[in-house]
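Enquirer: Sending over a structure as structure tokens; questions will come in a sec.
The values are calculated or read from the model by the stated rules, or taken from the named source; none is laboratory data. Please read these numbers as outputs of a predicted model, since none were measured by experiment. Every residue, glycine among them, receives a Cβ derived from its backbone with ideal geometry; neighbour counts consider all protein chains shown.
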């Protein structure tokens, strides 16, 4: 059977938010199937997902990070024959009420990856000052490299065509993949489009990316981006 839309929800220690995220998706995108990739959480994330009917749970035996978790979702989508996948993070920042904006360019066939951008209209929660600085640098670098303006390279609120899913099951970056995957897809001829969305602060828990790790992350990803582009 040729299925249509899969919502991929990567989650690590999100027991306090994951149920709300699932309910939000079911409410605003009832036609989609949902798979939660539990990235070896040490809390009750898996139990919270199991309490939800009709949601597929994939428990990773070890923590792979966001790249490995999302790539697991891509592999599931490809093997289960979905046409479109949409990534919605398990921390509650991505509002399912905005998801159709992200999906529309892929459904309409004008993009292989659609990115929900906080910075096109600058409404709602725009992240911390340090992370906004990092995103500003990524905007300059990536927009220059691919000759297309991308305002929110760190956004994980994204939709993908089947061809992009197939490609990313093999080549998705493993560590903080969002900015690098923009260059990777553009370099390989995939069409990218941004749409304005509103995000909110995570509903519970704490981000694993501290201010110090933000600086480390920025330099590490920049090196990966230049290495990727130079190949």
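Enquirer: Working only within the stretch 107-142, note down all residues that are in contact with a strand residue (DSSP E or B) (Cβ under 6 Å, 6 or more places away or on another chain), in a loop (DSSP other than H, G, I, E, B) and either on the phi > 0 side of the Ramachandran plot or surrounded by 20 or more Cβ atoms within 10 Å (Cβ to Cβ) (or both).
Expert: Result: 111, 112, 118.
Enquirer: So in the stretch 6-37, with the set limited to residues that are farther than 15 Å from residue 58 by Cα and under 15 Å from the mean Cα position of the chain (by Cα), which one is surrounded by the most Cβ atoms within 10 Å (Cβ to Cβ)?
Expert: 21
A quick yes/no check of all residues on (1) surrounded by fewer than 19 Cβ atoms within 10 Å (Cβ to Cβ); (2) within 18 Å of residue 119 (Cβ to Cβ); (3) at pLDDT 95 or above:
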site	(1), (2), (3)
169	yes, no, yes
176	no, no, no
179	no, yes, no
189	yes, no, yes
192	no, yes, yes
226	yes, no, no
229	yes, no, no
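Enquirer: Among the listed residues 145, 185, identify the single one that is in contact (Cβ under 8 Å) with a residue 40 or more places away in the chain, touching a strand residue (DSSP E or B) at 6+ places or on another chain (Cβ under 6 Å) and either in a helix (DSSP H, G or I) or surrounded by 14 or more Cβ atoms within 10 Å (Cβ to Cβ) (or both). Walk me through it before giving the result.
Expert: Numbers: 145 fails: touching a strand residue (DSSP E or B) at 6+ places or on another chain (Cβ under 6 Å).
Criteria check complete, one pass: 185.
Enquirer: Filter the stretch 43-54 down to the residues that are buried (at least 20 other Cβ atoms within 10 Å of the Cβ) and farther than 23 Å from residue 178 by Cβ and list them by number. Working first, answer last.
Expert: Kept after step one, since they are buried (at least 20 other Cβ atoms within 10 Å of the Cβ), are these residues of the stretch 43-54: 45, 48-49.
Once the filter is applied, which keeps residues that are buried (at least 20 other Cβ atoms within 10 Å of the Cβ) and farther than 23 Å from residue 178 by Cβ, the stretch 43-54 yields 48, 49.
Enquirer: Would you list the helices (runs of 4 or more DSSP H) that sit entirely within the stretch 1-93 and hold 1 or more residues that are modelled with pLDDT under 95? Working first, answer last.
Expert: Working: elements: 18-28, 45-50, 65-79.
The helices (runs of 4 or more DSSP H) meeting that bar are 65-79.
Enquirer: From the list 40, 69, exactly one residue is surrounded by fewer than 19 Cβ atoms within 10 Å (Cβ to Cβ) and more than 24 Å from residue 109 (Cα to Cα). Which is it?
Expert: Working: 69 fails: surrounded by fewer than 19 Cβ atoms within 10 Å (Cβ to Cβ).
Checking each option against the conditions leaves just 40.
Enquirer: Determine which single condition residue 203 fails, assuming it passes every other condition in (1) touching a helix residue (DSSP H, G or I) at 6+ places or on another chain (Cβ under 8 Å); (2) within 18 Å of residue 99 (Cα to Cα); (3) at pLDDT 80 or above.
Expert: Status for residue 203: all satisfied but (3).
Enquirer: Could you say whether any residue in the stretch 83-97 is within 19 Å of residue 183 (Cβ to Cβ), in contact with a strand residue (DSSP E or B) (Cβ under 7 Å, 6 or more places away or on another chain) and surrounded by 20 or more Cβ atoms within 10 Å (Cβ to Cβ)?
Expert: Filtering the stretch 83-97 for residues within 19 Å of residue 183 (Cβ to Cβ) gives 87.
Restricting the remaining residues to those that are in contact with a strand residue (DSSP E or B) (Cβ under 7 Å, 6 or more places away or on another chain) gives 87.
Of the ones still in play, those that are also surrounded by 20 or more Cβ atoms within 10 Å (Cβ to Cβ) are 87.
Yes, the stretch 83-97 contains at least one residue that is within 19 Å of residue 183 (Cβ to Cβ), in contact with a strand residue (DSSP E or B) (Cβ under 7 Å, 6 or more places away or on another chain) and surrounded by 20 or more Cβ atoms within 10 Å (Cβ to Cβ).
Enquirer: Can you list residue pairs whose Cβ atoms sit under 6 Å apart, with the first residue in the stretch 43-71 being on the phi < 0 side of the Ramachandran plot and the second being in a helix (DSSP H, G or I) and at pLDDT below 95? Count only pairs 6 or more apart in sequence or on different chains.
Expert: Note: pairs meeting the criteria are 67/177.
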